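The values are calculated or read from the model by the stated rules, or taken from the named source; none is laboratory data. This is a predicted model, so every value here is computed, not measured. Note: ideal-geometry Cβ built from the backbone for every residue, glycine included; neighbour counts use all protein chains shown.
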Amino acid sequence: MSQPRFPRTVDDVTVRVIAGEVLVLAVLAVVLQQPWLYGVLAVDFTLRTALGPKASPLARIASSLIRPRIAAAPRPTPGQPKRFAAAIGAVFTIAATLAYYGPGWSTVTWVIGAIMILFPALESILGICVGCIAFSLLMRIGVIPRSICEECADIRLRLTASQRAKLADVQPVAVADGVLAAQPTQGPSAQPEKTRSR
(Lines give C-alpha, C1' and ligand atoms only; values in the text may rest on other atoms or scores of the structure.)
Protein backbone atom coordinates (compact mmCIF):
# COMPACT_ATOMS: atom_id res chain seq x y z
CA MET A 1 0.00 0.00 0.00
CA SER A 2 1.46 3.39 -0.99
CA GLN A 3 2.09 6.11 1.56
CA PRO A 4 -0.39 9.00 1.47
CA ARG A 5 1.10 12.17 0.01
CA PHE A 6 -0.19 14.29 2.86
CA PRO A 7 0.68 12.97 6.33
CA ARG A 8 -2.10 11.84 8.67
CA THR A 9 -0.58 14.01 11.39
CA VAL A 10 1.69 17.03 11.19
CA ASP A 11 3.66 19.06 13.72
CA ASP A 12 1.61 22.12 14.64
CA VAL A 13 4.76 24.09 15.47
CA THR A 14 6.09 23.55 11.93
CA VAL A 15 2.71 24.47 10.47
CA ARG A 16 2.78 27.75 12.38
CA VAL A 17 6.28 28.45 11.04
CA ILE A 18 4.99 27.90 7.49
CA ALA A 19 2.10 30.27 8.22
CA GLY A 20 4.69 32.82 9.36
CA GLU A 21 6.50 32.48 6.04
CA VAL A 22 3.22 32.97 4.17
CA LEU A 23 2.49 36.01 6.34
CA VAL A 24 5.85 37.60 5.47
CA LEU A 25 5.29 37.10 1.73
CA ALA A 26 1.70 38.36 1.94
CA VAL A 27 2.76 41.50 3.81
CA LEU A 28 5.55 42.13 1.29
CA ALA A 29 3.06 41.73 -1.58
CA VAL A 30 0.84 44.48 -0.14
CA VAL A 31 3.49 46.84 1.20
CA LEU A 32 5.64 46.70 -1.94
CA GLN A 33 2.61 46.42 -4.28
CA GLN A 34 4.01 43.22 -5.81
CA PRO A 35 1.00 41.02 -6.73
CA TRP A 36 3.26 38.47 -8.49
CA LEU A 37 4.09 37.21 -4.99
CA TYR A 38 0.55 35.78 -4.86
CA GLY A 39 1.52 33.63 -7.83
CA VAL A 40 4.51 32.34 -5.86
CA LEU A 41 2.25 31.56 -2.90
CA ALA A 42 -0.32 29.94 -5.21
CA VAL A 43 2.30 27.54 -6.57
CA ASP A 44 3.45 26.64 -3.05
CA PHE A 45 -0.09 26.14 -1.71
CA THR A 46 -1.01 24.02 -4.75
CA LEU A 47 2.08 21.82 -4.41
CA ARG A 48 1.46 21.36 -0.68
CA THR A 49 -2.21 20.48 -1.22
CA ALA A 50 -1.69 18.11 -4.16
CA LEU A 51 1.63 16.48 -3.31
CA GLY A 52 2.13 17.07 0.41
CA PRO A 53 4.54 19.20 2.47
CA LYS A 54 7.65 17.59 0.96
CA ALA A 55 6.80 19.21 -2.39
CA SER A 56 6.37 22.68 -0.87
CA PRO A 57 9.45 24.93 -0.80
CA LEU A 58 8.03 26.89 2.17
CA ALA A 59 7.33 23.68 4.13
CA ARG A 60 10.83 22.37 3.39
CA ILE A 61 12.47 25.61 4.54
CA ALA A 62 10.32 25.60 7.68
CA SER A 63 10.99 21.96 8.57
CA SER A 64 14.69 21.78 7.73
CA LEU A 65 16.03 25.26 8.51
CA ILE A 66 13.71 27.02 10.97
CA ARG A 67 11.97 24.30 13.03
CA PRO A 68 15.22 22.70 14.31
CA ARG A 69 16.08 26.04 15.93
CA ILE A 70 12.79 26.16 17.88
CA ALA A 71 12.94 24.39 21.23
CA ALA A 72 9.20 23.65 21.48
CA ALA A 73 8.26 19.98 21.63
CA PRO A 74 6.40 18.56 18.61
CA ARG A 75 2.64 18.99 18.79
CA PRO A 76 0.91 16.38 16.62
CA THR A 77 -2.23 17.65 14.92
CA PRO A 78 -4.40 16.07 12.19
CA GLY A 79 -3.04 16.61 8.69
CA GLN A 80 -6.24 16.76 6.65
CA PRO A 81 -7.58 20.03 8.13
CA LYS A 82 -4.17 21.61 7.41
CA ARG A 83 -4.35 20.29 3.85
CA PHE A 84 -7.82 21.81 3.52
CA ALA A 85 -6.45 25.13 4.82
CA ALA A 86 -3.66 24.98 2.23
CA ALA A 87 -6.28 24.36 -0.47
CA ILE A 88 -8.14 27.48 0.66
CA GLY A 89 -4.86 29.39 0.48
CA ALA A 90 -4.35 28.07 -3.07
CA VAL A 91 -7.82 29.23 -4.12
CA PHE A 92 -7.35 32.71 -2.64
CA THR A 93 -3.87 33.27 -4.06
CA ILE A 94 -4.81 31.94 -7.51
CA ALA A 95 -7.84 34.24 -7.47
CA ALA A 96 -5.68 37.22 -6.42
CA THR A 97 -3.16 36.53 -9.18
CA LEU A 98 -5.80 36.03 -11.88
CA ALA A 99 -7.78 39.08 -10.77
CA TYR A 100 -4.74 41.32 -11.12
CA TYR A 101 -3.16 39.90 -14.28
CA GLY A 102 -6.44 38.97 -16.01
CA PRO A 103 -9.12 41.67 -16.01
CA GLY A 104 -6.96 44.00 -13.93
CA TRP A 105 -9.18 44.01 -10.84
CA SER A 106 -6.55 45.36 -8.48
CA THR A 107 -9.09 46.11 -5.74
CA VAL A 108 -10.12 42.44 -5.65
CA THR A 109 -6.45 41.45 -5.49
CA TRP A 110 -5.72 43.71 -2.51
CA VAL A 111 -8.88 42.66 -0.66
CA ILE A 112 -7.78 39.03 -1.03
CA GLY A 113 -4.31 40.22 0.00
CA ALA A 114 -5.77 41.52 3.28
CA ILE A 115 -7.35 38.10 3.90
CA MET A 116 -4.01 36.47 3.09
CA ILE A 117 -2.46 38.59 5.84
CA LEU A 118 -5.21 37.97 8.40
CA PHE A 119 -5.47 34.16 8.11
CA PRO A 120 -1.73 33.37 8.33
CA ALA A 121 -1.36 35.91 11.16
CA LEU A 122 -4.05 34.12 13.16
CA GLU A 123 -2.36 30.77 12.52
CA SER A 124 1.26 31.78 13.11
CA ILE A 125 0.74 34.12 16.08
CA LEU A 126 -2.32 32.71 17.86
CA GLY A 127 -2.51 29.14 16.54
CA ILE A 128 -6.00 29.75 15.11
CA CYS A 129 -6.40 27.88 11.82
CA VAL A 130 -9.40 29.36 9.99
CA GLY A 131 -9.29 26.65 7.32
CA CYS A 132 -9.28 23.98 10.03
CA ILE A 133 -12.34 25.57 11.66
CA ALA A 134 -14.12 25.50 8.29
CA PHE A 135 -13.05 21.85 7.84
CA SER A 136 -14.47 20.97 11.27
CA LEU A 137 -17.80 22.68 10.51
CA LEU A 138 -18.07 20.88 7.17
CA MET A 139 -17.40 17.55 8.96
CA ARG A 140 -20.09 18.30 11.54
CA ILE A 141 -22.75 18.96 8.90
CA GLY A 142 -21.70 15.91 6.89
CA VAL A 143 -20.20 17.62 3.82
CA ILE A 144 -16.81 16.07 4.64
CA PRO A 145 -17.13 12.41 5.76
CA ARG A 146 -15.56 11.43 9.09
CA SER A 147 -13.50 8.81 7.23
CA ILE A 148 -11.47 11.62 5.61
CA CYS A 149 -9.96 12.50 8.99
CA GLU A 150 -10.10 9.73 11.58
CA GLU A 151 -7.55 11.72 13.64
CA CYS A 152 -10.08 14.55 13.95
CA ALA A 153 -12.58 12.21 15.60
CA ASP A 154 -10.13 10.10 17.66
CA ILE A 155 -7.35 12.02 19.42
CA ARG A 156 -5.54 8.74 20.22
CA LEU A 157 -4.49 8.49 16.56
CA ARG A 158 -2.40 11.68 17.00
CA LEU A 159 -0.34 10.25 19.86
CA THR A 160 3.11 8.71 19.76
CA ALA A 161 3.53 5.02 20.64
CA SER A 162 4.70 5.88 24.19
CA GLN A 163 1.76 8.24 24.70
CA ARG A 164 -0.65 5.53 23.50
CA ALA A 165 0.96 3.04 25.93
CA LYS A 166 0.41 5.46 28.83
CA LEU A 167 -3.18 6.00 27.73
CA ALA A 168 -3.75 2.23 27.66
CA ASP A 169 -2.97 2.14 31.42
CA VAL A 170 -5.79 4.58 32.17
CA GLN A 171 -9.00 2.96 33.39
CA PRO A 172 -12.37 4.56 32.62
CA VAL A 173 -14.61 5.29 35.59
CA ALA A 174 -18.26 6.29 35.57
CA VAL A 175 -18.81 9.90 36.62
CA ALA A 176 -22.47 10.05 35.62
CA ASP A 177 -24.95 7.79 33.86
CA GLY A 178 -23.41 6.87 30.52
CA VAL A 179 -20.41 9.21 30.93
CA LEU A 180 -16.89 7.90 31.47
CA ALA A 181 -13.79 9.72 32.65
CA ALA A 182 -10.22 8.47 32.72
CA GLN A 183 -8.51 7.49 35.95
CA PRO A 184 -4.91 6.19 36.11
CA THR A 185 -4.58 2.62 37.35
CA GLN A 186 -3.14 2.26 40.86
CA GLY A 187 -2.60 -1.48 40.76
CA PRO A 188 -4.74 -4.55 40.18
CA SER A 189 -6.82 -4.10 43.31
CA ALA A 190 -7.46 -0.40 42.87
CA GLN A 191 -11.16 0.42 42.90
CA PRO A 192 -12.68 3.80 42.10
CA GLU A 193 -13.99 5.53 45.19
CA LYS A 194 -17.71 6.11 45.40
CA THR A 195 -18.68 9.72 45.57
CA ARG A 196 -20.92 10.81 48.39
CA SER A 197 -24.11 12.70 47.59
CA ARG A 198 -24.33 16.03 49.34
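Data for the structure
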{"item": "Some residue of the range 15-25 being free of Cβ contacts under 8 Å to residues at least 40 places away in the same chain and at negative phi", "result": "yes"}
{"item": "Count of residues meeting criterion [under 13 Å from residue 15 (Cβ atoms) and aliphatic (A, V, I, L, M)] in the range 77-123", "result": "3"}
{"item": "Qualifying position, being in contact with a Leu (Cβ under 6 Å, 6 or more places away or on another chain), touching a residue at least 12 places away in the same chain (Cβ under 8 Å) and not hydroxyl-bearing (Ser, Thr, Tyr), among 29, 114", "result": "29"}
{"item": "Unique residue being farther than 25 Å from residue 151 by Cα and assigned to a helix (DSSP H, G or I) when the list is 65, 58, 47", "result": "65"}
{"item": "Residues being within 17 Å of residue 79 (Cβ to Cβ) and surrounded by fewer than 21 Cβ atoms within 10 Å (Cβ to Cβ) - total across the range 24-45", "result": "0"}
{"item": "Residue 13 vs. criteria more than 15 Å from residue 87 (Cα to Cα) and at pLDDT 95 or above", "result": "yes"}
{"item": "Residues (touching a Gly at 6+ places or on another chain (Cβ under 7 Å) and farther than 16 Å from residue 100 by Cα) located in the range 28-55", "result": "45"}
{"item": "Residue, modelled with the lowest pLDDT, within the range 95-127, restricted to residues that are in a loop (DSSP other than H, G, I, E, B) and surrounded by 13 or more Cβ atoms within 10 Å (Cβ to Cβ)", "result": "127"}
{"item": "Any hit, the range 65-83, residues being assigned by TED's automatic domain parsing to the domain that holds residue 101, among the polar types (S, T, N, Q), crowded, with 20+ Cβ neighbours inside 10 Å and modelled with pLDDT of 95 or more", "result": "no"}
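Listed here are the residues, each with its yes/no results for (1) more than 15 Å from residue 123 (Cα to Cα); (2) β-branched (Val, Ile, Thr).
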position: 19; (1), (2): no, no
position: 24; (1), (2): no, yes
position: 34; (1), (2): yes, no
position: 61; (1), (2): yes, yes
position: 86; (1), (2): no, no
